[in-house]
Every structure is written in C-alpha cells, then in structure tokens.
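Notes for the one structure printed next.
The values are calculated or read from the model by the stated rules, or taken from the named source; none is laboratory data. On a predicted model such as this, the values are computed, not experimentally measured, just so you know. Here the Cβ positions follow ideal geometry from the backbone for every residue, glycine too, while neighbour counts run over all protein chains shown.
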2 protein chains.
Amino acid sequence: MLNYRSHNCGELSPKEVNKKVKLCGWVQRNRDLGGMTFIDLRDRYGVTQLVFNMDTDSELCEQARQLGREYVVQVEGEVKERSNKNLKIPTGEIEIIVSELTVLNSAIVPPFIVEDETDGGEDLRMKYRYLDLRRNVVSQNFVLRHQLAQETRKYLDSSGFLEIETPVLIKSTPEGARDFIVPSRMNAGQFYALPQSPQTFKQLLMVSGFDKYFQIVKCFRDEDLRADRQPEFTQIDCEMSFVTRDNILETFEGLTKHLFKKVKNVELPNFEVMTYAHAMENYGNDKPDVRFDMKIKDVSAEFKGKGFKVFDDSEFVCAIVAENSAGYTRKQTDALIEFVKRPQIGAKGMVYIKYNEDGSIKSSVDKFYSQDDLLKVLEKAGAEKNSLTLVLSGDKDHTLAAMSELRLEMGSQLNLKDSETYCPMWIVDFPLVEWDEDSQRWHAMHHPFTSPIPEHMNMLQDNPGEVCANAYDLVINGVEIGGGSIRIHDKELQKQMFKALGFTDEEAQEQFGFLMHAFEYGAPPHGGIAFGFDRLCAMFGGTDSIRDYIAFPKNNSGRDVMIDAPATLNNEILEELHLLKKEPI
Amino acid sequence: MLNYRSHNCGELSPKEVNKKVKLCGWVQRNRDLGGMTFIDLRDRYGVTQLVFNMDTDSELCEQARQLGREYVVQVEGEVKERSNKNLKIPTGEIEIIVSELTVLNSAIVPPFIVEDETDGGEDLRMKYRYLDLRRNVVSQNFVLRHQLAQETRKYLDSSGFLEIETPVLIKSTPEGARDFIVPSRMNAGQFYALPQSPQTFKQLLMVSGFDKYFQIVKCFRDEDLRADRQPEFTQIDCEMSFVTRDNILETFEGLTKHLFKKVKNVELPNFEVMTYAHAMENYGNDKPDVRFDMKIKDVSAEFKGKGFKVFDDSEFVCAIVAENSAGYTRKQTDALIEFVKRPQIGAKGMVYIKYNEDGSIKSSVDKFYSQDDLLKVLEKAGAEKNSLTLVLSGDKDHTLAAMSELRLEMGSQLNLKDSETYCPMWIVDFPLVEWDEDSQRWHAMHHPFTSPIPEHMNMLQDNPGEVCANAYDLVINGVEIGGGSIRIHDKELQKQMFKALGFTDEEAQEQFGFLMHAFEYGAPPHGGIAFGFDRLCAMFGGTDSIRDYIAFPKNNSGRDVMIDAPATLNNEILEELHLLKKEPI
C-alpha cells in the first residue's frame, strides 16, 4: 500500500539520522537564507525543519521558495543531525534534507499567523476557528480532552458502569432553566425539548435496574451567557443504585484520583470532607480554595460596643489575616478598599490592622480603638507579627461573600494559589431548601428529589429550613467540578417533601407525575453525580476558560461566528413545521 | 462503610456455600409452597433464589409471603447448595436461606410480567419502557452496546485517533434530508439546526490538522419513519488525513475485526473487496448477503428469440439456481410467484425449471421451450441435477432488484443464512453521480465532496455517468454497516465536480461556500467513514431491530410514548422564542 507519509512532524530524533523519510504537513515558516531555504513543516504532532540547498538542487530549492504559508506539502528526504540544535522542541536536534517535494494543496494568505504566538485577536480566531485549531497550543487542548474522556470511560467501565445513551429529543419541563425547543413536523403544534441534563432518564434507568450508569453527554441550557457558560456543554453524568452517600463519594474520589494520575501524573491526597456550614463560616464560600489557609474569623464581639458606629450597627464583623504583609503600602490598602467596593463585591469599605514586626499596631480605625482593643482582635483573628489583618462588616451573608472575594484576591496577590497544588474536597450537608421571599415559600436548593440526610428525616415537616440535603459537591482549588445527591425513593418522604415545598398534590402531579408514577413500580435507593466536563478539562489545562476546550464554541450571544449560526430559514420550512400561520389572501 | 449488598444476584455459585451474603433486588416471583416460600430475586446481573422456611422462622416467612411482584428488597442470609439444581441459569446451583429481610420499596402491580418471557405487547412495553428494561433479555442489549462503544474507543484511541465533540446546535443546510430546527431566543427570527451528521465539522477538523478524528455521536433526521429508522440515531463518525482509500479500509477492517473478536470472540476472515458493478451484476444489490452463493445469471441470450413473448419483449432475463430443491411442490412454487408479485417487489411473474435427479427437466414454460433449449439455460445458470432454477424478466434494473429479493427469500427458505457465519466485505467504485429525470441533471450519489477514483479523474467533464466514486461501504451479511469516501480537496477538481452537477458558481457558493472557503486555507487530502452504531449493535445482537438497542426509542410517529413527547408549550414560551405573533388588541 502506498502511504502518504512514513512519520509525523513531531517524532523524528537523532535515532533516525540517515533514514529516508516521508512527511506531510503545513508550511508554518519559509526562510530564504540565500544559499539555503529552511521550512518549518507543521502537523498536529509538532514541527520539523526541512532544508533545501541551492547548491545541490537549485530547481527544488527554487520550488521550495515559492511555498506560501499554510501550503500543504509532502516531502521525501533524509534525516540529518542539526549543527544548530534547538532543544526547546522535541524534533530540534534533526532536520530533513529534502529530495522530493509535492504540493498537495496551496493556501491563500491566512488572516492571522498560525503559530503558538499569534497576532490574531479572539474574534478573528473564532471566525477562522479551523485555522486557530492548527496552532499547537490550541490543538493540544483536544488531546487533553480526549485523554480525559478516554480515561473516564476506562475507569467507570472497569468499575462496572454501563454507558447508556439517553434521548436528546425529550419533553420540556417547567422547572429549572430555559429549555431549547424543537418543533415537531409530524405532530403539529407540538415541541420536543433538548435536555438540560439526563436527570429524569438516569433515575428511570435506576428504576430499570441498571445499577451503575454513566454517560459523557451533551446538555443544553438556553440561558443568557457569561464568559464561562455555553448553550451546549458536556457532562460526565452518573447514577448508582443500592448505595449510600459514602459509596458514591468513594467511587468518584477514585475516578478523580485516576484522572489526575493518568493524565497529569499527580497523586492526589485523600479528599477532605467539609460541611457546607463549615465552608461558609470559614471561607464565606461553598467552593473554598484551600490551597491557602487564611480562614475568615468572626471578630464581632471584639469590635462591637466600642463606639465605632459602622461596626456597632453591623450584624457581623469578620477578619482575615495576610501573613508577612505588614509592609503593604497605603496605595496597596487603598487599592484593596477599591476592590471590595466594586459593585460585584459590594462592601461599603474595609478596615485594616497592620501588626508590625516590632509589635506595634497601626490601623485605619486607631481613632476608635485602643491598642489593647486591637490586640484582642488580632488574637481572635490569629494574627502573628508582620501581618496585615483585613476587616469587613455588614449583614452576615453579604459580608461573608465579600470577604471570600477579598480572601481570594489576597491569595492571588501573595502568590498563595500554587498552580501545581491540587486540594480536592467534598462539600456536604447543603441546606435542602431555601426561603424565597417573592413567592413566600421554600424552594428546593437542588431539585425536589434530593433526599435529606438520614439524621434529619424527621425535621422536614416542622423545620425544613434546618434540614441538610444528602447532597455533595466536588471542589478543587475553588472550582466546583461536580455535584450530586442521594435521591428520595420513598413515596411518603417524597409527599412530605412536596408538602414542605408548598406544592399541592395536583401541582406535584402535574410537574413530576411521570417520574413519581415510575417510582411506584419499585424504585431502588439511588443517587448520583454529574461533573462539568468542559470545566474539568479547563482545570486540567490550567485555565479558567472552558471555551478553549470546546472545538467549535459559541460566543456570548449564542452565535457560532464561524458557520454563522443561528440563521434565518425560508418560509416553506417554517410552514412545514407549523410555525407560520398562512396569511389570509 | 455500610454497604447495601455484598454480591449481586448473578454471581453466587457453590464456591460461596455457607457464606453470609447480603443481596438487593426486585421480587420476580414469589412461590408459597406451604412450608416453604421461594422468591426469585432479580437484578441486572441475574436471578437468585431466596428460601424462607415456615418451620425455622414463621414470622419472616409470613413477611416474605406478603412481598408483591417488583418489590425492592434487601436480604441477608447464607448460601446453600440446592438439592434441586437449575443448570439453565448461572446461579441455579445455589439458594439463599434468608435470615433478614428489609423492604426497600413496595411496588404496585406492573402492567405486564417482568420476565424474559412477557405477556406485554410492544405498545405497553414502550409506554412502560422502564419496566421493559428490567427484563434481562432486554437489559443485556445495553451491556452489548456498552461493550461495543467501549471497544470501538479503545481501538481507535490505540490507533492514534482523537475523539473530538462537534456542536449539536448548528446551521441548517439546504441539501439532504430534512433538519430538525431550534429557534433562537437571543437571535429573533433565527434558528439553529441539529446535525444530520458531523460531515462539515469533521472535514473542518481535517483542515485544522487533526489527522485522525472520531466521535460516537448522536445525529438527527426529520424523516418519515420506518420500522428501522429513528429521528435520533448514533454514528461512529471518523475522518483521516493524508490517507488513500486503502489506508482507510485497512483501519476500519481492523476496527471491525477487533469488535468481533473482543465482543463475540469471532475471528473474521479478511474482507472481500467487491465493486459495485460486480455486486449489482451478481446479486442485484449493493449490499449482497454472500453467506450463500446463488449468484444471478444473465440467461437473456438463451431464453430470447424462441417465440415466448414475455421474454422476447424483456430487456433482461436472469436466473438463480436453488440447489437440492427439485422437490419444490406446486404449492411452494406458486407461493414464490406470489412473493415476487408483491408490490414491494413488483415482478409480473416468475418462471421455474426443475432439473430432476434423473436428468429430466420440468418447467412452467415447457410449451415454449424444448428440453434442449432449457438445458442450455440450465448450463448457463450453472444448475446441477436436483435443482430448482427461478427466472425473472423485465427491464434490467427492476429485474435485478426483484431477483435480489427472491434470492434472499430462497436463502431463508433453504436455511442458507447461517446466523453464526459473518461475511464482511467492502463494496467499492460506486457511481459518482446519477441522472435525475425530474431536474434533468446529474446528482451526486453521496455528496458533492466525494472524489472520483484516481483512474477516472479525467472523465468527469465528458462522461460523468461512467465515473466511479472513491467511495466504499462496509457490508456484512447483507446489511450496510458503514460507508464513506475519499473527499475532494483540490479546488479545481471541486469546480469541475460542481460544473458536472450543473451548479452555477453562485449556487455552489451559496450552498457550499463556507466549506469551500475553509478549503482555500490548505486542505489536506482526506477521507472518512461513518458506521451506523445502532445497526451495528443490532447485528451483534442478532436482530434486525435497532429499536431494541436504544434505551428510550421513539415510535413511527416520532413520539416517545413513555414521556409523551413531543408536547404542546404554553404561549409565554413561544412568545419568548419569537414564534408567536402577538395578536392586535
């Protein structure tokens, strides 16, 4: 069989010196140095240097000089060791002395430079995404994504899970985010919906007896988009029967460790299990970044009642301590005050206390507090000498949230977020319900099939606000990677739950009747979890942007600017779908 | 950690005798034999017999007797060897003497019996698909499907392919089947479409330099449904760069052999490569079932010109020979005549010739042909003694098609389609274009990016009807499992192709401009293939029905009768999607 190539552009090394090889790829650079012409030939595996010599074959060398950027070529030649080695790239020790050159395809001039460092802005690169994907820094993201998907499947397969495909054309559900909908041609006036998750179907699969289900699956949400949201996204979706919470945590801690080991060669520590209450109290956040300590301390008692009105009028005063930071300048503390006053954070101001190396204390509220008062605050906050203590106040929820942001900012400023360190943890015991002021009733935090923790089963009727859900999130370095819950499988408990949520029987029936009916035929105890796969890829790649890990992403208006979708349709199609009322003549 | 169970219901054997075990599952049968009660406990792994003894624990036995069908229970007990072994099931040598019983969930009476043999009709089983899926004969299909997907990924991964997800919300294209469309809320009056295949995107990935792509992916076609079609279906979609046809055939012959070996432990022979012309000539079909020979023979010359008007007026007369079948009765041959006259087959009649063991010949056209004439036909047809030769006539295309059906019917009647034999083959050299009488122009048989075979490159302009496409189908036992082609990557050839298809430059630009534009930036030589994954699963499972291998299929009206989708939506939602014109007040 005749093959286009013997090797790819990323694998030749001094081992192959003097070997005859055949390569295919794209012309990344073409440098005419008079007597010699050098071409960097690129494919997705790397870049190999081609050499053409005017002295030995002037015709071929002339031909090579004509090759424009991004031409597709096939070359034959001999591998030689370079005199001038480039040890930054894997193929940098060799080059190819070309003896034959075939142009497989020409190329018009690309709109930006197709190299790791490019001059193309985001918009241009998205419009020509197929060229952007040629850049090795981008294409490597999809090698990573492939590996993660592959290893996920290997692990779950070897743990006895079955991957089962659930339908994409389903039925719209009233709760949750907005559905994308699909008009039916064969059923006039009716619509399918695209799934926001396979939640209902995976629970049905448990009713069917598939005790370990997973799927790496596209999900759809018609929401207004933020930078890190996409209308279509991918989940690792899982569900298990005859399991407790701890069975599930153990399984997916195992999966996460497997992925880190196989894909990044990182041995993760055992996962800390932290309650939601503890996370909120100490980090102001249900997805704390615990790569650094800097816990939030309640200093209300120490600060209040000394005549400083701002604190006296506050429900809650709290502090964090930045170690080795007494040297912060006025300009730096002013910048922190500006930071917390940004509308996204919304604090009214910030107080700071410098605890100097010599034991002296300097604060922005020296007028109101004696050194002794401040020392008590510092003691409570756990401040050592040469530290900077930052204080926020207000109502408890907002102050904790603002302090969480300030804490993360300080972590960045002090380089405490080591990119090589991974701190995985389970957050558990979330509130089951939250009070909604508008509708004056309790709402399910997750969904109404989430079970309370076993210890709180009996509190549902009288004290729903205090009940903890048997729900869990996987958090790594401040990023929520996955979440799930043990579901309610008991009819009586489900009735109580609906009652607590203020549903009438009819409402419950209308919205959830189908699944409840299926449950009547013998639902096993079950629970599950879903991982945001795009987010997981971004975390493994070390970035925040999920878009870099989606081959053809949409922009913030939900548009694919490359193919220019969505687009208008002609009226014939709309009429066939019963979307156009025929105008009276 | 407390576990719900120590074993599943399919794994206990005499090895575990006297062991304490804990099982969970569904009550499949409950037999009260007076002193003893036996329960068949089912999960997706199998069925285990539970024993309750009135003498040793009457309370527990009473409790067991109350368990209805499909109750979910947990039991603890000891494994004992059965005196009365059932060697038909893997757990048939043991039973569990139960000491503890916990009802995890009750169940109302199911609408049909949830056992391998069920009394539920298709409609009922589809409505309660979650119960149908509990039957082991059904759930095993999804174990098979999982294995096939898993092994496909392993093979392609180890061959250097990357699985890359292409978008689901794309743009409608004018050619091909009807798209499902999705109205955009954020872009009023505009629509996404769901992909009929990732064709455009996989070709773009080749332009991007991903030289080996695959994806197991959902595709969507809004067509009127037949029994073996689904509006959403799954493809193993693949594309490669810098490859010839033979590279692709080798790779996917390798995949197919791998799947048969790993999943069915069948060693496939090397794949026969057969041209389309040869297949049509000899089997009347481009997906021949070659488990049995019975080739179609052209007997026009032998039959025509003897005064039998039916044959004399026919363009084409052809025969097949059924060996060892001279004993066919009049009733049987009449039934065959009825068979070929069915409107789906459309022959006007059928002639038969019996070649008896004693050398005598008896035919339905003895009036018109001498024994000598018939002997010449039999010789041409390759008939031996004790055979039945069947003859059809008419215009060539329809007659070959009808004869193909008759051949398959004879294969079935004579038990020549051995279900344990697999005859995989590549059909190649399909026609590139076909003449469309309506529009009086050539149409692409596959799509307009399919390349001619290298030898026919120069015939495109003058003689398009004779050009062979560089396309290939994988056929096993008469079923088309996959197909693909080498694509055109050369701009000049593409222009010629559009010209041959009668497209103006403007039309070509409007319909395919986007992909053609991308190709201008350096498209590599490339080609690909797609396997119908649902069909592949059905073939491995030994059935024709893809529906059995889809967890939640739709019926022939495109409805999911279980969740009752599609469904109506309220006007608020439609208004938000710009689908409702507001009525003037």
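Testing A:Gln203 on (1) modelled with pLDDT of 95 or more; (2) at the interface with chain B (Cβ under 8 Å from one of its Cβ atoms), one condition comes back false. Which one is that?
(2)
Determine, yes or no, whether A:Leu133 is at the interface with another protein chain (Cβ under 7 Å from one of its Cβ atoms) and surrounded by 19 or more Cβ atoms within 10 Å (Cβ to Cβ).
Criteria met by A:Leu133.
Within the range A:24-45, identify whether any single residue is touching a Cys at 6+ places or on another chain (Cβ under 7 Å), crowded, with 18+ Cβ neighbours inside 10 Å and farther than 23 Å from A:Val137 by Cβ, and answer yes or no.
Yes - at least one qualifying residue is present in the range A:24-45.
One residue is enough: does the range A:373-380 have a residue meeting the conditions aliphatic (A, V, I, L, M), touching a strand residue (DSSP E or B) at 6+ places or on another chain (Cβ under 7 Å), without any contact (Cβ under 8 Å) to a residue 24 or more places away in the chain and surrounded by fewer than 20 Cβ atoms within 10 Å (Cβ to Cβ)?
There is at least one residue in the range A:373-380 that is aliphatic (A, V, I, L, M), touching a strand residue (DSSP E or B) at 6+ places or on another chain (Cβ under 7 Å), without any contact (Cβ under 8 Å) to a residue 24 or more places away in the chain and surrounded by fewer than 20 Cβ atoms within 10 Å (Cβ to Cβ).
Pairs, please: C-beta under 6 Å, at least 6 apart or cross-chain, first residue within 18 Å of A:Met206 (Cβ to Cβ) and surrounded by 14 or more Cβ atoms within 10 Å (Cβ to Cβ) and in the range A:507-521, second modelled with pLDDT under 85 and of a type in the set (Asp, Glu)?
none
Might you let me know whether the range B:57-66 holds any residue that is assigned by TED's automatic domain parsing to the domain that holds B:Tyr45 and of a type in the set (Ser, Thr, Tyr)?
Yes - at least one qualifying residue is present in the range B:57-66.
Going through the range A:159-178 one residue at a time, which ones are more than 7 Å from chain B (Cβ to nearest Cβ), under 24 Å from B:Glu575 (Cβ atoms) and either of a type in the set (S, T, N, Q) or buried (at least 23 other Cβ atoms within 10 Å of the Cβ) (or both)?
Within the range A:159-178, A:Thr173 is the sole residue that qualifies.
Looking at the range A:240-253 only, could you name the residues that are touching a helix residue (DSSP H, G or I) at 6+ places or on another chain (Cβ under 7 Å) and of a type outside the set (A, V, I, L, M)?
Answer for the range A:240-253, where residues must be touching a helix residue (DSSP H, G or I) at 6+ places or on another chain (Cβ under 7 Å) and of a type outside the set (A, V, I, L, M): just A:Ser241.
Of the residues in the range A:108-161, how many are of a type in the set (D, E, K, R), part of a loop (DSSP other than H, G, I, E, B) and within 30 Å of A:Phe260 (Cβ to Cβ)?
4
Kindly indicate whether any position in the range A:535-546 is outside any loop (DSSP other than H, G, I, E, B), charged (D, E, K, R), in contact with a Ser or Thr (Cβ under 7 Å, 6 or more places away or on another chain) and modelled with pLDDT of 95 or more.
No; the residues of the range A:535-546 include none that is outside any loop (DSSP other than H, G, I, E, B), charged (D, E, K, R), in contact with a Ser or Thr (Cβ under 7 Å, 6 or more places away or on another chain) and modelled with pLDDT of 95 or more.
Could you look through the range B:182-193, keep only residues that are surrounded by fewer than 24 Cβ atoms within 10 Å (Cβ to Cβ) and facing chain A (nearest Cβ under 7 Å), and pick out the one that is nearest to A:Val168 (Cα to Cα)?
So the residue we want is B:Ser184.
Somewhere in the range A:64-74, is a residue free of Cβ contacts under 8 Å to residues at least 40 places away in the same chain, among the hydrophobic types (A, V, I, L, M, F, W, C) and not in a strand (DSSP E or B)?
yes
Being surrounded by fewer than 16 Cβ atoms within 10 Å (Cβ to Cβ), at positive phi and not in a strand (DSSP E or B) narrows it down to one residue among B:Gly359, B:Gly327; which is it?
That would be B:Gly359, the only listed residue that is surrounded by fewer than 16 Cβ atoms within 10 Å (Cβ to Cβ), at positive phi and not in a strand (DSSP E or B).
Looking only at the range A:457-505, count every residue that is in contact with a His (Cβ under 9 Å, 6 or more places away or on another chain) and part of a strand (DSSP E or B) and tell me the total.
Looking only at that region, the number is 8.
Among the residues of the range B:206-260 satisfying the criterion of being closer than 23 Å to A:Gly25 by Cα and of a type in the set (A, V, I, L, M), which is farthest from the chain's Cα centre (by Cα)?
So the residue we want is B:Val207.
Mind telling me which of the residues A:Glu95, A:Glu100 ends up being at negative phi, surrounded by fewer than 20 Cβ atoms within 10 Å (Cβ to Cβ) and away from chain B (no Cβ under 14 Å)?
After ruling out the rest, the residue left standing is A:Glu100.
One line per residue, one yes/no per condition, for (1) at pLDDT below 95; (2) assigned to a strand (DSSP E or B); (3) touching a strand residue (DSSP E or B) at 6+ places or on another chain (Cβ under 8 Å); (4) farther than 27 Å from A:Glu420 by Cα:
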position	(1), (2), (3), (4)
A:Glu267	no, no, no, no
A:His278	no, no, no, no
A:Asn282	no, no, no, no
A:Asp286	no, no, yes, no
A:Val290	no, no, yes, no
A:Gly305	yes, no, no, yes
A:Cys318	no, yes, yes, yes
A:Gln344	yes, no, no, yes
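So A:Ala107 fits all but one of (1) more than 9 Å from chain B (Cβ to nearest Cβ); (2) in contact with a strand residue (DSSP E or B) (Cβ under 8 Å, 6 or more places away or on another chain); what number is the exception?
Of the numbered conditions (1) more than 9 Å from chain B (Cβ to nearest Cβ); (2) in contact with a strand residue (DSSP E or B) (Cβ under 8 Å, 6 or more places away or on another chain), the odd one out for A:Ala107 is (1).
Restricting the range B:238-277 to residues that are surrounded by fewer than 16 Cβ atoms within 10 Å (Cβ to Cβ) and of a type in the set (Gly, Ala, Ser), which is farthest from B:Gly465 (Cα to Cα)?
Of everything passing the filter in the range B:238-277, B:Gly254 is farthest from B:Gly465 (Cα to Cα).
Among what's in the range B:206-247 and is within 7 Å of chain A (Cβ to nearest Cβ) and in a strand (DSSP E or B), pick the residue that is farthest from B:Arg547 (Cα to Cα).
Per the stated criteria, the residue is B:Lys218.
Any residue that is more than 18 Å from A:Asn86 (Cα to Cα), assigned to a helix (DSSP H, G or I) and at pLDDT 95 or above - is there at least one of those in the range A:45-52?
No - not one qualifying residue is present in the range A:45-52.
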